[in-house]
1. Cα-Cα pairs above 21 Å in region 171-285: how many percent?
2. Would you mind giving the average projected area, over all directions, of the Cα convex hull of region 98-216 in nm² with one decimal?
3. Can you list the residues, at least 5 places off or on another chain, whose amide H is less than 5 Å from the amide H of T108, using H built in the peptide plane?
4. Is there a quick way to get the dipole size of the chain? I mean about its Cα centre, with the Cβ of Lys and Arg at +1 and of Asp and Glu at -1; what is the value in debye to the nearest 20?
5. What size of dipole, in debye to the nearest 20, comes out for region 31-188 about its Cα centre when the only charges are +1 on Lys and Arg C-beta atoms and -1 on Asp and Glu C-beta atoms?
6. Need one word for region 66-126: rounded, prolate or oblate. Basis is the Cα gyration tensor (sqrt eigenvalues a ≥ b ≥ c); a/c below 1.5 gives rounded, then a/b vs b/c decides.
7. Give, in nm to one decimal, the length gained when the segment between S346 and A55 is fully stretched (0.36 nm per residue of separation minus the Cα-Cα distance).
8. Starting from the Cα of K187, draw a straight line to each of the aspartates and glutamates and keep only those under 14 Å, dropping any in the same chain fewer than 8 residues away.
Amino acid sequence: MKKIVSITALSLLLFSCGSKENNQSIDELIKAKNTKELQAKKALIQADLAKIDDALATLEVKQDEALVSVATLKDTLFNHYLEVQGNVNTKENILIQPEFSGTLTSLTVKAGQRVSKGQILGRVDDAGMSQQLASLENQYALAKTSFERQKNLWDKKIGSEIQFLQAQTQMVSAQKGVAQMKAQLAKTVIRAPFTGTIDEVFVEKGQVVAPSPQGLMRIVNLSNMYVSTTVPETYIGKLKVGTEVDVFLASLGKTYKGKVRQVGNFINPSNRSFGIEVSVPNPENLLRPNQVAKLKIIDYTSKNSIVVPTNVVQEDGSHNTFVFTVVNINGKTGTAKKVLVKVGKSSDNVTEILSGLSANDVIVTDGMNGISEGMKLNF
């Protein structure tokens, strides 16, 4: 019916235009190349067509129906996240170096072995220092005996003070010599600096060893893991020690709950960012140094917010954002209503609605692209 009315109106309009202006039809004007009259007729036709379209849009009542999915809005907690990428690391991941060069006389561990702090991992030949220590200990024992006897005499006012002081000096010197030799000898013993696991061993027993870039072995402790990354300086004040962070490891397909444990105090002038460290629990020992992690850090929280799925928010030709709600609900049917909204931040595929909607409103969540204002909805 609408098409018939439109065609009839347009035909009458064209006929009317053709009878005006010297009773010349459009074909006659084209043949006569009368551009002035053609422009006038075109403007008149366009103006009348616009009036017809406006009238139809106002008077016409859509009878179409659509099947949609709906949801009832509720007040909820909304969190917005800063998403950045970082690297998993641990401060207890080192190459063990020998403090003394020589032949490796013993190697008591192998790769994969769990060791405790202070445990002996190997020994380097002491090049005769143990014998030197025995000699120094004998000298110290003699000096100590001499001092004790000299002290007994001095306490009885026998002998000179110089003899007493000389005996004391000799004993103290011998004692320091023993302590120094013990310290040197201790460097031939290779001990675990912390509790962890021997990840790799690079040497063999009997090999001559010395400090090198490769080291003797690598020891790693996976119980004190963290993720390091940098964030823009605009987040200063938003990130604090203790802020909760979701740490996603794509290689594991797992998300861990971590906390910011350190916030940098220096802004990098080249990229205007500062560093942070996020502690991450590792109960299953699945984390490894240098793994890539995706961090989701809460930088904005709003209580009792109205949020909708991001995909339901649309924009019209006037750049107004809107959603479709359902009104006049009767059972599983209702009427579509276009509601202009003001949106806030978006996160995790939901968008915060600052105004336009309230709790208990029913919105269209699926099928909204095929509906319009006033359409009957089934759900």
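1. Looking at region 171-285, the distances longer than 21 Å represent 63 percent of pairs.
2. 9.4 nm²
3. G122
4. 1140 debye
5. That gives region 31-188 a dipole magnitude of about 640 debye.
6. prolate
7. 100.8 nm
8. E99, D125, D126
Read the figures in this text as sums done on the coordinates, not as results from a lab. Predicted model only: the values in this text are computed from it and were never measured. Cβ sites come from the backbone with ideal geometry, for glycine too, and all protein chains shown count toward neighbours.
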